[in-house]
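Throughout, read-outs are computed from the coordinates displayed, never taken from laboratory work. Model, not experiment: these values are computed from the prediction. No Cβ is skipped: glycine too gets one built from the backbone with ideal geometry, and neighbour counts run over all protein chains shown.
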Amino acid sequence: MAGADTGLVPERILELSERLSTVAGDKIGEISAINRQAKMLAINALITAARAGEAGKGFAIVAEEFKRIAAEIDEVAGAMESQVRTDLAELSAVGAAILCHLRGQRLADLALNAIEIIDRNLYERTCDVRWWATDSAVVACVAEPSEAASRFASQRLKVILDAYTVYLDLWICDAKGKVVATGRPERFRAAVGFNAAHEPWFERAVRTRSGDEFVACDVERAAALENAAVATYSTAIRQGGRADGAVIGVLGIHFDWRPQAHAVVDGVRLTEEERGRSRVLLLDRAGRVLASSDRKGELEETFRLPSDATDLGSYATEGVTVGYALTPGYETYRGLGWFGCIAQRESVVGTSSARGRAA
């Protein structure tokens with residue numbers, strides 16, 4: 001079928017099978033109706049032949065034969081109806097299975113693309129935190145603490161924030177966890193002097209073994225950042241800025257999660273028609289909704305994937321096809337077990353046929 005949209009082939013199979021089923025039923029019904037008329041004519045002919053007596057015997061033989069043929073036509077029509085309906089039911093099932101598989105495979109591929117974009121983006125954050133932790137202003141702020149050093153480091157952090165708009169704030173902590181410099185002290189006043197000693201990103205950063213290591217945390221709301229959703233990355237600040245230097249502090253960088261994640265879920269290549277019946281999601285390893293194209297349930301709702309969910313797959317349930325993909329990681333960033341996910345309601349075509357689960 002030259003020039004046909006292959007994405008619509010399964011829907012077309014279902015549409016044609018349903019139309020053929022209707023046409024076949026109508027035509028078989030017409031055959032039966034015509035045959036009933038023929039039977040009535042044969043009966044009337046037998047009655048007329050009987051009235052004619054000896055003169056009608058030859059006509060009676062023809063009428064009986066016509067009656068027998070009509071019975072055979074009924075039998076053939078019944079068998080044909082049964083076979084046609086069986087074959088059409090199988091055709092519809094095959095079309096539905098193909099549709100479910102192709103739709104699920106496509107959604108899984110789109111989900112993989114979304115999570116890969118996030119992975120590459122967050123990989124860059126891991127590079128940023130390791131690089132900036134060696135900045136001379138950052139190192140001096142905790143190596144030789146003073147008001148002047150903190151002020152200069154804060155100015156340096158502001159320059160970085162102006163250039164890297166994906167961050168909400170950058171924090172320099174001393175070895176005890178006290179925030180001694182931030183990039184936006186006027187905006188986030190609660191961050192200045194904040195004690196991060198018990199924050200997971202701080203506790204894990206001070207345990208890193210070298211400057212090549214980093215900490216990546218799941219998305220959480222940060223109270224000191226006006227309860228904004230952030231993905232925090234951290235690493236130890238080391239003596240002399242050396243990879244093998246002693247730990248003297250921690251640099252925490254807070255990725256401004258919401259606008260960046262929304263750009264990813266909104267950028268998935270769905271048609272305009274599909275967008276109205278699709279929900280694009282980013283999920284953490286527990287199924288918590290990190291971002292959603294409909295902006296609902298973020299950091300609150302849990303979207304459960306099947307317990308047997310693989311790295312890449314799809315399934316269908318109750319008129320919704322779900323495609324999902326596990327984070328593959330990127331370069332030195334292995335990911336946090338997050339999933340890209342797309343839940344799509346069925347279109348009008350095929351809604352009565354496409355049911356069940358597809359791997």
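In table form, for the structure just shown:
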item: From phi via Karplus (6.51, -1.76, 1.60), per-residue ³J(HN,Hα) for the range 189-202 in Hz, x at Gly/Pro; result: 5, 5, 6, 6, x, 4, 9, 9, 4, 9, 6, x, 5, 6
item: Tilt relative to the chain, helix 147-163 - C-alpha long axis, 0 to 90 degrees, to 10; result: 30
item: Segment K176-L20, length gained on full extension (0.36 nm per residue, minus Cα span); result: 48.6 nm
item: For F194, distant residues with modelled amide H under 5 Å away; result: V179
item: At 0.890 mPa s and 25 °C, Stokes diffusion of the range 124-260 via Kirkwood alpha-carbon radius, µm² per second; result: 172
item: Whole-Hz ³J(HN,Hα) from phi, Karplus 6.51 cos²θ - 1.76 cosθ + 1.60, for the range 130-144, glycine and proline x; result: 5, 6, 5, 5, 9, 4, 4, 5, 5, 5, 5, 4, 9, 6, 10
item: Cut-off under 5 Å, modelled amide H: who pairs with E298 long-range; result: none
item: Inter-site label distance for S210 and S82 at 7 Å from Cα along Cβ, in nm; result: 7.7
item: Distance between modelled label sites at V320 and H101, nm, 7 Å Cα→Cβ extension; result: 2.5
item: Segment R187-E54, extension gain: residue separation times 0.36 nm, minus the distance between their alpha carbons; result: 36.3 nm
item: Bins of 5 Å from zero: percent of alpha-carbon pairs in the range 194-289; result: 2, 12, 18, 17, 14, 12, 9, 7, 4, 3, 2, 0
item: Additional length obtainable on full extension of the chain from R285 to A263, 0.36 nm per residue less Cα span; result: 5.8 nm
item: Nearest-0.05 FRET efficiency for E124 and E147, computed from C-beta distance (R0 35 Å); result: 0.60
item: The range 174-240: GluC sites (Glu not before Pro) in DSSP coil with no more than 11 other Cβ atoms inside 10 Å; result: E186
item: Modelled label reach - L305, point 7 Å along Cα→Cβ, the range 106-135 residues with backbone N closer than 13 Å; result: 108-116
item: Pairwise FRET efficiency - V159 versus T271, Cβ, R0 = 41 Å, nearest 0.05; result: 0.45
item: Stokes-Einstein translational diffusion, the chain - Kirkwood Rh over all Cα pairs, 1.567 mPa s, 4 °C, in µm²/s; result: 51
item: Pairwise centroid distance, computed over Cα atoms, of the range 75-101 with the range 133-175, Å; result: 71
